[in-house]
Amino acid sequence: MMSSIYFIALPLLFGFSVPILSKFGKNGVAYTSLILQLSLFLLSITLVLDLTTPIVEVIAISPPLGIALVSDNVSMFFVTIFTFFTLVLSIYYMGQRENKKYANENKFFILLNMLLASAIGLVLSSDIFNIYVFFEIAGISSYILSSYEKTANALEAGLKYLLTGAMASIFLVFGIFLIYLHLGTLNLALISQNFYTLSIELQLLIATLLFVGFGFKVEVFPFNLWVSDIYEGSTPLVNALFSSIVSKAYLFVFFHLLYLFIPHHNFTDFLLSVGVISMILAEIVAIKQTNIKRVFAYSSLGQLGLLFIAFSMQTSDAIIAGLYILLAHSIAKMVIFLSLDSIINKYKSEDISVLEKMNSPFMKWILLISMLSLLGIPLFAGFVGKFLILKTFGIAGYFGIISAIILASLIEAIYYFKLIGLMFKNTEKGDYMEISILQKSVLLLLTISILFIGVYPFILSDWINLASETMINSHTYQNIILGVQL
Amino acid sequence: MIETLLNFLNQEEVLQVIIVIGSMILFFIGLFGILTQRHFIKIFISIEIMEIAIFIFFIGLAFQKGKTAPMLGDGITKFINMNDPIPHAMILTAIVIGMAVLALGVSMAIEYNKLTGITTIDKMNGLKN
Amino acid sequence: MSLKRTIPMTTVSGFGVSAVFILTILNILMQNMPSNIYRAGDELLKLNATDGVANSVTTVVVYFRGFDTLGEIAVLFIASLGIGLMLTNNNLNNISQENSNFMLQIGAKLLSPVIFIFGLYIMIYGHLSVGGGFQGGVIIASGILLLLISSNGFHISHKFVEIFETLAGVSYVVIGLIGLIILDSFLGNFLPYDISKMGLLLSGGIIPIIYIIVGIKVGSEMSVIVDNMLKRNIDD
Amino acid sequence: MLGLVILSSFISIILIAFKTIIEPKLSHTIVLSMGIGLNAVILFVAFQAPDVALTQAVIGIGISSVILLMGLKHLGGNYES
């Protein structure tokens, strides 16, 4: 029987039963984790293909009172990419496992699966306190993952993440408490129906509290000053998770709540300016960086600012553009951080000059393609989203935003071409870099998908159009949830 | 004199005002602690104070005077005229989660201290460039 | 501007800004006191009367919002895992190496059985009176803490505690999945629950069972956390 | 009586919290934070929430303080530098 509850129940079951699984030889846990992720990916594909009407999975009692998981077009879009990227990351790790194995590997697999479960839970859940619980699971597993290596830098990154995360969750839970006190419900659909009945100051206070709570995690301007530290302290494998999965889940939840609670355009200008500031600032700071992880951390922040701008517009076209950018960015950052993991392991340096030393034509071309995609060059996946967003803002007449986006792309071009120049410089190279066939095929698959989406973006357009329609339309969401009876 | 004072304090509106002002002062004391204190232990305690403040705020405002605790016993046989159980359940969850985060934070601070000898957050700048 | 003049100015302006900020928030909250509206909790209290559980907080925690509790167990599990990861194989000095004093040894011997029985009572009677799995589990863990700091010879084996932890965690999810198969809803109450038995130990279907499982899980996690912090044995 | 209990608990919790923040000796800080938890327990009982009070008593006062005290022992140094 197909049910969306398996996305959360099975990773938890896996996590709890690791002591039993570790009895089955030294590969028991690793292979079980791989099989679990493969089956979750297949499950999400099956659910997406079957999806004609949204499915509501009821837990214990029916929705307005209890918790329910809603799988509609947009949430299944996110679930599919999360399961896909986790699977890809696992396979990549399996490829290097022979040579470089993490210490306490079982715990790494538990944390990976818990992070997947919580990201999916954030996207699927329709109860605001349940969202808080998943917010905490995702947070606490990210803190441990970022200090996984137990070096001074890693622990510093983890502690910084933990302190900011604890602050964020206090503000978030304060907002949730105010919502319950004044509306008497925790269900997203009911809150969405009644939120306008609150007085305007109270709406503003709750919105501010939720913005602060999620702002720390979505990595937007006033709260993103610590993010680059975390990226620098953690391993690139973990950065790939943060950049492609976790921040995307928080971003979705933030805008999902925004569209549901305040479905009018009062905050559009404010959110647009937040997005523009965080984009421009991140790109400017990125130029000066010499640590390669920090460069890509700031580039992630810049791309998240762009996504923030796209989703802030609250129109269907802008969301379509945003989803394209999100997909392209996730794939490209996955490629970049995965290959950085191998490069840093091989040459034991985190300075950007490591690209100069790197001796592997395969890696060179892979990195080149993903950087060009991030820049938004035509025929690569990143182009579609950037083109669509410029078109949307052009039609709406926001020429300030358009010039900001073009400016940010130009600054981005400066440091990306610096990196590309380093890679193709004709200097003395280091040792030849061997990577296993498994890792090669993973990177090749991701790169081919970048090119494929770039050349033929319309293969996804039906799916993405449906997703954006579902996301923007709060009435459908209310009807879906409130119409369910067990 | 004392009678009237007690009666005045027992009014539901007065109670609500006391709860809001008291818990918000507590909340801002915690925030003040986070912004001014530097030692790890002090920071964790400040976070705890902020958490307790919002828990008191929530339970206090969800409480309605004259209603009993939401469980049977002491001659109560029907689930009527009882306080709302959902806030209690939510706070239970939040307290346990807060404790888990605190314990993890303390253990990370211990390990970080063992490697670097640092006990305050303002010296935590190995990642700046 | 010199440093001597800037510091008082920033302090004063900081206090001014924060005072305005605090007063604004207080003003908003005071003008919007929650009225006694009909909340979801009142509806749940009505539903609770058909469930056969005397403590309605337990019903809400374990059954109506049982999914939150599963997530909470996961948070505790991950935190315990992280603490184990942080505090193993290091040469921290053992906190209680020397013998503890006589009073503590005798007191611990007398008190620990009482604490364990109290914890078990709180855990098993969670659906009838105040308390439940979380509180009972933590009380048992605090009894183990007392034993750990009082007597030198006592130590808990992580392998042994792990068995309880694993069984409790797995059976929680499996009970949920059985509910999904039988009643088409995760964590559904598939055991018979009779209203006439309200107030008896065996009432409420799966609710007391799940709360005891939660208690075992929380108790073992907390014992492991406390033990890791004390660093009495490094056998992980 | 209820109003008086709540008011006095609030006054004492705020005073203790302020003292906790400004106290330089860290072991005293932890003991004072137990006082905050204790007053919170009294308030939860006054608000007819015995379950929350019990949880706050065992977790908020008991285990949290033990964890903080052990953390202080491992971090070393009772005073803020």
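The values are calculated or read from the model by the stated rules, or taken from the named source; none is laboratory data. Keep in mind it's a predicted model, so treat the numbers as computed, not measured. When we count neighbours, we look across all protein chains shown, and the Cβ atoms used for this are built from the backbone with ideal geometry, even at glycine.
Filtered by the rule that a residue be β-branched (Val, Ile, Thr) and part of a helix (DSSP H, G or I), segment B:104-129 gives B:VAL106, B:ILE110, B:THR116, B:ILE121. Considering only residues in segment C:42-57 that are at the interface with chain B (Cβ under 8 Å from one of its Cβ atoms) and crowded, with 24+ Cβ neighbours inside 10 Å, the one that is farthest from C:ILE212 (Cα to Cα) turns out to be C:LEU44. Given the condition more than 7 Å from every other protein chain (Cβ to nearest Cβ), aliphatic (A, V, I, L, M), within 28 Å of the chain's Cα centre (by Cα) and surrounded by fewer than 24 Cβ atoms within 10 Å (Cβ to Cβ), answer yes or no: does some residue in segment B:61-74 qualify? There is no residue in segment B:61-74 that is more than 7 Å from every other protein chain (Cβ to nearest Cβ), aliphatic (A, V, I, L, M), within 28 Å of the chain's Cα centre (by Cα) and surrounded by fewer than 24 Cβ atoms within 10 Å (Cβ to Cβ). The single residue among C:LEU70, C:LEU23, C:LEU44 that is over 32 Å from the mean Cα position of the chain (by Cα) and hydrophobic (A, V, I, L, M, F, W, C) turns out to be C:LEU23.
For segment B:83-100, a tally of residues being within 7 Å of chain C (Cβ to nearest Cβ) and among the β-branched types (Val, Ile, Thr) returns 4. Counting only helices (runs of 4 or more DSSP H) wholly contained in segment A:354-457, the ones carrying 1 or more residues that are surrounded by 14 or more Cβ atoms within 10 Å (Cβ to Cβ), under 21 Å from the mean Cα position of the chain (by Cα) and touching a residue at least 40 places away in the same chain (Cβ under 8 Å) occupy A:361-375, A:381-396, A:399-423, A:437-455. The set of residues in segment C:42-66 being touching a helix residue (DSSP H, G or I) at 6+ places or on another chain (Cβ under 8 Å) and of a type in the set (Gly, Ala, Ser) consists of C:ALA49, C:GLY52, C:SER56, C:GLY66. Looking at segment A:91-107 only, could you name the residues that are modelled with pLDDT of 90 or more, closer than 20 Å to A:ILE435 by Cβ and surrounded by 19 or more Cβ atoms within 10 Å (Cβ to Cβ)? A:TYR92, A:TYR93 - these are the residues of segment A:91-107 that are modelled with pLDDT of 90 or more, closer than 20 Å to A:ILE435 by Cβ and surrounded by 19 or more Cβ atoms within 10 Å (Cβ to Cβ).
Within segment C:17-71, no residue satisfies the criterion of being among the hydroxyl-bearing types (Ser, Thr, Tyr), at pLDDT below 85 and in contact with a strand residue (DSSP E or B) (Cβ under 8 Å, 6 or more places away or on another chain).
On the basis of being within 7 Å of chain B (Cβ to nearest Cβ), farther than 30 Å from B:THR116 by Cβ and outside any strand (DSSP E or B), does D:ILE13 make the cut? Yes, satisfied. Reported count of residues in segment A:168-195, each being of a type in the set (S, T, N, Q) and away from chain C (no Cβ under 13 Å), is 2. Given the structure, is A:LEU159 part of a helix (DSSP H, G or I), at negative phi, facing chain C (nearest Cβ under 9 Å) and modelled with pLDDT of 90 or more? Spelling it out, it is not the case that A:LEU159 is part of a helix (DSSP H, G or I), at negative phi, facing chain C (nearest Cβ under 9 Å) and modelled with pLDDT of 90 or more.
Residues that are surrounded by fewer than 23 Cβ atoms within 10 Å (Cβ to Cβ), touching a helix residue (DSSP H, G or I) at 6+ places or on another chain (Cβ under 8 Å) and part of a helix (DSSP H, G or I) within segment D:16-25 comprise D:ILE16, D:PHE18, D:LYS19, D:ILE21, listed in sequence order.
All conditions in (1) modelled with pLDDT of 90 or more; (2) buried (at least 19 other Cβ atoms within 10 Å of the Cβ); (3) within 19 Å of B:VAL96 (Cα to Cα) hold for D:SER9, with the sole exception of (3). Restricting segment A:180-217 to residues that are part of a helix (DSSP H, G or I), more than 27 Å from the chain's Cα centre (by Cα) and touching a residue at least 60 places away in the same chain (Cβ under 8 Å) leaves a set whose member that is surrounded by the fewest Cβ atoms within 10 Å (Cβ to Cβ) is A:GLN193.
So if I check each of A:SER17, A:SER90, A:SER22, which one is without any contact (Cβ under 8 Å) to a residue 12 or more places away in the chain, among the polar types (S, T, N, Q) and farther than 20 Å from A:PHE129 by Cα? Answer to the selection: A:SER17. Being closer than 16 Å to A:ILE55 by Cα and of a type outside the set (Gly, Ala, Ser) is not true of A:THR427. In segment C:150-175, the residues that are acidic (Asp, Glu) form no Cβ pair under 7 Å with any partner that is modelled with pLDDT of 85 or more and exposed (fewer than 14 other Cβ atoms within 10 Å of the Cβ), whether six or more places apart or across chains. Considering only residues in segment B:6-24 that are touching a residue at least 24 places away in the same chain (Cβ under 8 Å) and at the interface with another protein chain (Cβ under 7 Å from one of its Cβ atoms), the one that is farthest from the chain's Cα centre (by Cα) turns out to be B:ASN10.
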